[in-house]
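Each remark here refers to the structure printed beneath this line.
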Amino acid sequence: MALYEHVFLSRQDLSQQQVDALVEQYKGVVEGLGGSFGRIENWGLKSLTYRMNKNRKAYFTLIDITAPAAAIAELERQQGLSEDILRFMTIKVEKHEEGASAMMQKRDDRERGDRFGDRGDRGGRGGFGDRDRGDRGGDRGPRSFGGDRDGAPRRPREAQAEGAE
């Protein structure tokens, strides 16, 4: 039997219990045709990039499936007929991933407070090679507020308007 990763998006107005009921319904379909579910990850309610069927959010669910192709075809047929499912995608894989998926790993990083990932060793805003933070690479002198770049004091707006006439 082949290995698959299946992700589906369900409507935002469903409850988490209804999404779990959908997973159990589809599990029965796959098991009835000789397949089995592995890992099931509920990614939760997430915002969509664009509206789908008047929905701005959707519940995302990832399922690892071991099943024959006929079971996947029936699963996708039933999800295509369901009004509760906005989108779905099935990908055939060589082997199932161990541990949490990339989406769940991101959530774990956020919960730990590691907001910047592994960028802590880069320092401030630099990041352009080996330059120091203070060196911006130009000939500009220190900033002076209240004057033009050549150091001359600014004229008030009224004086500028009169000089233009």
Nonlocal amide H pairs with Ala67, under 5 Å, H built at 1.01 Å: Ala2, Tyr4, Ser36
- prompt: For the stretch 6-32, list residues with backbone N below 16 Å from a point placed 7 Å from the Cα of Lys106 toward its Cβ?
  reply: 7-9
- line: Taking placed amide H atoms and a strict 5 Å upper bound, the residues 5 or more places from Trp43 or on another chain that come that close are Phe60, Thr61, Leu62
Karplus-derived HN-Hα couplings along the stretch 13-19 (A = 6.51, B = -1.76, C = 1.60, θ = phi - 60°), whole Hz, x at Gly and Pro: 8, 7, 8, 4, 5, 5, 5
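Using +1 on the beta carbon of Lys and Arg, -1 on that of Asp and Glu, and nothing else charged, what's the dipole of the stretch 1-116 about the Cα centre, debye to 20?
With Lys and Arg at +1 and Asp and Glu at -1, about 620 debye.
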- request: Output ³J(HN,Hα) for the stretch 76-83: one whole-Hz value per residue in order, computed from phi by the Karplus curve 6.51 cos²θ - 1.76 cosθ + 1.60 with θ = phi - 60°, and x for Gly and Pro.
  value: 5, 5, 5, 5, x, 7, 6, 7
field: Gain in span if fully extended, Ser47 to Arg87, counting 0.36 nm per residue against the direct Cα distance
entry: 13.0 nm
task: Counting other Cβ atoms within 10 Å, keep those with at most 10, restrict to DSSP loop, and tell me which GluC sites (Glu not before Pro) in the stretch 1-94 are left.
output: Glu83, Glu94
- prompt: Near Lys46, which lysines are there with a Cα under 25 Å away, not counting those fewer than 8 places off in the same chain?
  reply: Lys27, Lys54, Lys57, Lys92, Lys106
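Values quoted throughout were computed directly from the atomic coordinates according to the rules given, and no laboratory measurement underlies them. The model shown is predicted, which means the values in this text are computed figures rather than measured ones. Ideal geometry is used to build each Cβ from the backbone, glycine not excepted, and the neighbour counts take in all protein chains shown.
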